[in-house]
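Working notes, structure below.
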Amino acid sequence: MRRRVALAAALMLGSCSADERGQGLYIQRFFGECTSDYGTATDVARAEGECGIVTTMINAFREAHPDARVSQNVIAWPGYSQLTAQLAARQPPDLVTMHTGVIPDYAGKGLLEPVEPYLAAAGLAPGIFTPAARQGVTWQGRMYGMPWDTHGGLWHINMDLFRKAGLVGADGKPILPRSPEELLAQGRQFRERTGKPYLIQSLVGDPAGAARILYTYMMAQGAPIFPDPKRIELNTPEGRRVAELFRQVTREGIGTSNMDTPAAIAAFMSGEGGVYPTGTWMIGQFETEEKTAGRPLYRSYSVQPFPQLYAKNLMFVSGHAWVVPKRERTAAEKKALVDYFRFMAARNGDWARTGHLPAVQAMVDGPAFRSLPHRSDIAIVATIGRALPDGVLRQNAVEGLVGEEMAAAITGQKPVPQALSDAERRVNEFMAEVQ
């Protein structure tokens with residue numbers, strides 16, 4: 001108890017003052033700081049990148065709603081320590097960017113407001129959001145954030161190497177495996193014909209990537225992963241199948257095993273492998289390579305959802321949302337929140353230029369999104385994406401533990417059953433201590 005009190009006191013020391021908070025709509029966000037380029041910009045269509053687009057959107061909202069008296073604080077990613085301090089000091093922002101996997105940690109302690117009243121006042125029915133986005137913000141049947149996007153793993157593909165490997169169809173699209181056996185067969189064929197690894201894997205210091213693979217393909221087999229919110233099960237037939245498959249990939253040299261994320265990105269952009277399984281957030285950087293003459297990906301880039309290797313076509317996803325920390329608010333402050341949600345939902349398609357999928361279903365289905373490069377190929381992720389059950393707390397920490405052990409299994413540092421058993425033990429011991 002004394003430790004928790006001391007922690008709360010320390011957090012309060014780091015919180016902002018009432019003057020810093022401002023008297024209008026106070027927005028706190030991550031996604032970077034780019035005032036020098038976009039400090040006064042309001043033309044969202046001309047903005048680029050996460051920081052540029054969100055900064056310009058907020059500027060445009062401020063210009064359209066001067067009565068809201070918008071101020072914002074850009075925090076270092078991900079910013080949850082600062083938010084916890086502000087909540088402890090009872091001086092929270094009005095709006096905060098939050099990863100959907102973190103929402104249960106705050107909603108479960110009564111620190112966030114359900115947003116249905118604000119959405120209803122803005123004319124935004126829950127059904128306008130994609131299934132994946134809506135699931136991500138739901139806790140015990142209530143929505144605790146306005147969904148902003150869906151992001152998850154994708155297969156980023158070097159089409160020049162796929163052509164050399166004979167893995168491009170008559171329609172010009174990459175031929176992807178549809179079973180574990182096909183994954184190994186195509187990987188061997190790719191390696192034989194190109195002399196390069198089929199999969200570029202970032203397994204060093206990137207537990208999220210390894211956990212994403214395990215979660216995705218356990219879900220695809222119908223495995224629950226969390227039979228109840230406080231207990232994980234990974235050392236199961238389904239979990240072992242996934243880990244053994246990717247252990248075989250590295251054992252045969254079909255995939256790399258000694259790269260961290262920067263090395264994997266560099267290797268993929270340098271044409272050193274066929275597929276880099278990583279997130280939606282890399283689309284923009286790889287598109288730039290695709291448009292640059294003389295680069296290995298020039299006119300040779302494709303991106304697809306994780307291939308369906310098992311019975312169900314499901315993927316583990318997460319997302320970003322705008323959440324409302326709980327505090328007393330005036331009618332004017334509530335109106336500003338309503339106006340902000342309406343404004344941002346209408347421009348959700350612009351946010352999708354970052355590579356993330358829109359949270360609004362009409363944007364996913366609309367021509368503006370699907371006319372962007374490669375987006376029609378990945379739009380299905382908004383439908384097949386699944387988050388962990390909404391009762392699972394501390395999902396980021398759990399992901400780190402699972403990913404460490406899954407990477408150890410894939411690289412052969414541990415036998416598969418031991419790695420999955422160790423992951424179970426570590427997560428369940430951790431969850432038993434979570435309050």
Helices (runs of 4 or more DSSP H) completely within segment 34-118 that count 1 or more residues being buried (at least 18 other Cβ atoms within 10 Å of the Cβ) and among the basic types (Lys, Arg): 49-64
Which numbered condition TYR301 misses (of (1) farther than 11 Å from ASN158 by Cα; (2) open to solvent by less than 20 Å² (accessible area, probe 1.4 Å); (3) touching a residue at least 40 places away in the same chain (Cβ under 8 Å)): (1)
Count of segment 286-298 residues which are surrounded by fewer than 16 Cβ atoms within 10 Å (Cβ to Cβ) and either touching a strand residue (DSSP E or B) at 6+ places or on another chain (Cβ under 6 Å) or farther than 21 Å from GLY172 by Cα (or both): 1
Qualifying residues in segment 153-174 (those that are closer than 16 Å to HIS374 by Cβ and in a loop (DSSP other than H, G, I, E, B)) - the one most open to solvent (accessible area, probe 1.4 Å): ASP171
Given (1) open to solvent by 50 Å² or more (accessible area, probe 1.4 Å); (2) within 26 Å of SER81 (Cα to Cα), number of the condition SER318 does not satisfy: (1)
Residue within segment 384-399 that is closer than 23 Å to ILE157 by Cα and in a helix (DSSP H, G or I) present: yes
Output for segment 396-435, where each listed residue is small (Gly, Ala, Ser), more than 22 Å from HIS99 (Cβ to Cβ) and in contact (Cβ under 8 Å) with a residue 40 or more places away in the chain: ALA409, GLY412, ALA419, SER421, ALA432
Those residues of segment 127-152 which are part of a strand (DSSP E or B) and among the polar types (S, T, N, Q), in sequence order: THR138, THR150
Among the residues listed as PRO417, PRO373, the single one being more than 16 Å from the chain's Cα centre (by Cα) and modelled with pLDDT of 95 or more: PRO417
Filtered residues of segment 283-314 (kept if at pLDDT below 95 and touching a helix residue (DSSP H, G or I) at 6+ places or on another chain (Cβ under 7 Å)): GLY284
Residue count, segment 358-371 (criterion: assigned to a loop (DSSP other than H, G, I, E, B) and in contact with a Gly (Cβ under 9 Å, 6 or more places away or on another chain)): 2
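The values are calculated or read from the model by the stated rules, or taken from the named source; none is laboratory data. These numbers come from a predicted model, not from an experiment. When we count neighbours, we look across all protein chains shown, and the Cβ atoms used for this are built from the backbone with ideal geometry, even at glycine. Side chains included, ligands, DNA and RNA excluded: accessible areas come from the protein's heavy atoms. Shrake-Rupley method; radii C 1.70, N 1.55, O 1.52, S 1.80 Å.
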